[in-house]
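The values are calculated or read from the model by the stated rules, or taken from the named source; none is laboratory data. This is a predicted model, so every value here is computed, not measured. No Cβ is skipped: glycine too gets one built from the backbone with ideal geometry, and neighbour counts run over all protein chains shown. Heavy atoms of the whole protein, side chains included, go into the accessibility calculation; ligands, DNA and RNA do not. Shrake-Rupley method; radii C 1.70, N 1.55, O 1.52, S 1.80 Å.
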Amino acid sequence: MPDIAFVKPALPRAGALVLPLAEEAPLAGLAKQADEATGGAISRGLEAAKFKGRKGQSATLWAPGAGLSKVVAVGLGKAADIAAAGAEAAGGAIAGPLAQEREAVVAADGLTPALAASLALGVLLKSYRFDRYRTTQKEEDKPKLERVAVAVADVAKAKAAYAPMQAVADGVFLARDLVSEPPNVLTPVEAAERCKALAKLGLGVEVLGPKEMKKLGFGALLGVAQGSAQEPRMVVMTWNGAPKGKKAGKPLAFIGKGVTFDTGGISIKPAGGMEDMKWDMAGAGTVIGLMAALAGRKAKADVVGIVGLVENMPSGTAQRPGDVVTTASGQTVEVINTDAEGRLVLADVIHYCIEKHDPRFMIDLATLTGAIIIALGHEHAGLFSNDDTLAARIEAAGQAVGEAAWRMPLGEAYDKQIKSDIADMKNVGGRPGGSITAAQFIQRFVQNRPWAHLDIAGTAWSSKDLPTAPKGATAYGVRMLDRLVAEHYEG
C-alpha cells in the first residue's frame, strides 16, 4: 500500500496529478495552475471526455504536458452534497489509474482538511492487495504506487484528521489479511498466535486451549472442534482506554465466530465452492481487526473482544447429527445439523463473556447462514437485536461508512421452531426463516443483556470490486463498529 503524505499545494514536476472536481465547477487553485502550465490541455481533455464532475465519473488524460505522466480527474458530485463517504469513494476510484505510477499528487486544496483525509483513506483502502503467495507475477502486473501526496491548504488539520483513519485502516487490513489466508496456514492455533502479536499495541491478550475450555464447560464449542486434528482456541483481547480517574464502567464486548475452515462436518457441504469456507472465520477477523483499530487510535473506552476459533471437519471423532451437547450455560442442545456449527461456538463464548466481563452490551459477528444471502443479497448484513437503541446506532454507523445493515425480526414464533423433543433446544429450525431461527438460538444465551447479532455471510467477501475494497475480503464491520464506539461510547 502507498504511503500517504499531506503537503502544501504545489505543482509536481513529474508523475501523476489527481484532480477531485465538484460537478460543473470551474478549475481553481492547483487544478487551474496545472491547466495553465499545460497550455489548456487539461481543460480541453476534460471537455473532450465530457467530464462534468458528476459523482462516480472519472477521466484519465495521458501526458498532457508540464512533465506530467497523466492527469486523473474524479467527480465529487454537487459541491453542497460532498460528504466523507463520497470523498472516500472518489479516492477509491483513483487507486486503479494510479497503480502503475510511482508517485502521485492529489490536488485537494479545494476540499476541507477532513474531506481531504477521507479521500486519502479511500485511496489507501482500495490499494489493498493480498499477494503473499504470488511468486510468478509479471513485473508489469505489480502495483508500483509508493507515495500519494495530498495537497491541502491546512496540512496540520488534514494530518490530525487522518491519523485515526490510518489506525482504522490498519485494522481493516489486518482483518482482510486474516480472512484471505488459506486454511492450511490460518489454523485456530495460528490465528491465536497472530492475536498475541497485538500486545505490542497495548492490548491484553489471553489464549485459552482445550483444557481450559473443558474446565469452563464449553461442550458446544468443543463439540464442533472434536472432528479436527487442529486444536481449538479462544482468544480474549482487552483494551482499557477509558479516561483515568473515571469510575470504572462495564466494557463494550465484541464477539466473533472463527471457524477457520468449515466443511460442514458430518453434514458435509457440496464440493463446489467449499474453498470459500476459509472465510467462515470472518466474524473473528473483524473483531481482531476492530481491536487493533481501537488500540491503534487509543480509543477512550474499555472494550473486550473475544473470538472462538475452531475447524469443523468430518472424521471418526466428529460430532454426529443427533448428538446432544451441554453448553457452558448448562443448557442442552440437540445437534440436528453439524453444518450449523457457528451458533454452537458463539453460545459458549457469549456465556463466558457475560460471566467473566459483565459487559455493557454484546455485539457478535458471524458468517452464520446462507439464508441471510437469500434474504438480503450481498448489499446488507442481517442485524438482529433485543435493544432498539443499540440496533439504531449500529445501522447509523454502518450507513455512515458504507457498511449497510438491515434489521430483521425476532419473535416467539421463530423461537418455537428450535424446540427439541429431547433437549432444551435444537441447533436448526428448518428452512423457513433460517437466519432468524439462528439468531433466536443465540439469543437464548444472552441472559437478556443488550445484544446485537450481525450475520455477515453476504458481506464478508465480495466477488467484485467495491468502492473502497478490491475483490475479496472486505473486513466488513471494522469501520462500522469503530464508528459506533467513537460516536457513542468514548470519554
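Elements of the type strands (runs of 3 or more DSSP E) sitting completely within region 51-112 and holding at least 3 residues that are without any contact (Cβ under 8 Å) to a residue 60 or more places away in the chain: these cover 58-65, 68-75. Count of region 408-434 residues, restricted to those that are open to solvent by 20 Å² or more (accessible area, probe 1.4 Å), part of a helix (DSSP H, G or I) and of a type outside the set (Phe, Trp, Tyr), is 4. Every condition in (1) at pLDDT below 95; (2) open to solvent by less than 40 Å² (accessible area, probe 1.4 Å); (3) polar (S, T, N, Q) is met by residue 118 except one, and the failing one is (1).
Condition test on residue 42, is it within 30 Å of residue 176 (Cβ to Cβ) and surrounded by 19 or more Cβ atoms within 10 Å (Cβ to Cβ)? Criteria not met by residue 42. For residues that are in a loop (DSSP other than H, G, I, E, B) and of a type in the set (A, V, I, L, M), scanning just region 178-228, find the one that is farthest from residue 296 (Cα to Cα). Selected residue: 216.
Taking the conditions (1) open to solvent by less than 20 Å² (accessible area, probe 1.4 Å); (2) within 20 Å of the chain's Cα centre (by Cα) in turn, residue 319 satisfies each one other than (2). When we screen 457, 475 for residues that are open to solvent by less than 20 Å² (accessible area, probe 1.4 Å) and in contact with a Ser or Thr (Cβ under 6 Å, 6 or more places away or on another chain), the only hit is 457. In region 184-199, the residues that are modelled with pLDDT of 95 or more form no Cβ pair under 8 Å with any partner that is of a type in the set (Phe, Trp, Tyr) and buried (at least 21 other Cβ atoms within 10 Å of the Cβ), whether six or more places apart or across chains.
Considering region 1-24 alone, what residues qualify as being surrounded by 15 or more Cβ atoms within 10 Å (Cβ to Cβ) and not in a strand (DSSP E or B)? Matches in region 1-24: 1, 2, 9, 11, 12, 22, 23. Of all residues in region 128-153, those satisfying the criterion of being open to solvent by 10 Å² or more (accessible area, probe 1.4 Å) and either within 16 Å of residue 16 (Cα to Cα) or in a strand (DSSP E or B) (or both) are 143, 144, 145, 146, 147. The residue list 197, 242, 225, 229 contains one member that is farther than 23 Å from residue 359 by Cβ, open to solvent by 20 Å² or more (accessible area, probe 1.4 Å) and more than 21 Å from the chain's Cα centre (by Cα), which is 229. When we screen 281, 234 for residues that are in a helix (DSSP H, G or I) and open to solvent by less than 10 Å² (accessible area, probe 1.4 Å), the only hit is 281. Checking each residue in region 260-278 for being in contact with an Asp or Glu (Cβ under 7 Å, 6 or more places away or on another chain), over 24 Å from residue 169 (Cα atoms) and not in a loop (DSSP other than H, G, I, E, B) picks out 261, 262, 277.
Entry remark, region 383-410: residues being closer than 24 Å to residue 220 by Cα and not hydrophobic (A, V, I, L, M, F, W, C) number 2 in total.
The helices (runs of 4 or more DSSP H) found wholly in region 337-407 and carrying at least 3 residues that are open to solvent by less than 50 Å² (accessible area, probe 1.4 Å) and closer than 17 Å to residue 440 by Cβ occupy 342-357. Taking region 256-309 as the range and being touching a strand residue (DSSP E or B) at 6+ places or on another chain (Cβ under 9 Å) and free of Cβ contacts under 8 Å to residues at least 12 places away in the same chain as the test, only 274 passes. Figure legend. Inter-residue proximity from region 217-244: first residues closer than 30 Å to residue 482 by Cα and among the polar types (S, T, N, Q), second residues open to solvent by 10 Å² or more (accessible area, probe 1.4 Å) and assigned to a strand (DSSP E or B), beta-carbon distance below 9 Å, spacing 6+ or different chains. Indicated pairs: 238/204; 238/205; 238/206; 238/302; 240/204; 240/302. Being of a type in the set (Val, Ile, Thr), under 27 Å from residue 424 (Cβ atoms), touching a Ser or Thr at 6+ places or on another chain (Cβ under 6 Å) and modelled with pLDDT of 95 or more: is that true of residue 326 here? Here the answer is yes, as residue 326 does meet what is asked. Only residues that are touching a residue at least 40 places away in the same chain (Cβ under 8 Å) and touching a helix residue (DSSP H, G or I) at 6+ places or on another chain (Cβ under 8 Å) were counted across region 26-50, and they come to 2.
With respect to residue 437, is the statement that it is outside any strand (DSSP E or B), among the hydroxyl-bearing types (Ser, Thr, Tyr) and surrounded by 18 or more Cβ atoms within 10 Å (Cβ to Cβ) true? Criteria met by residue 437.
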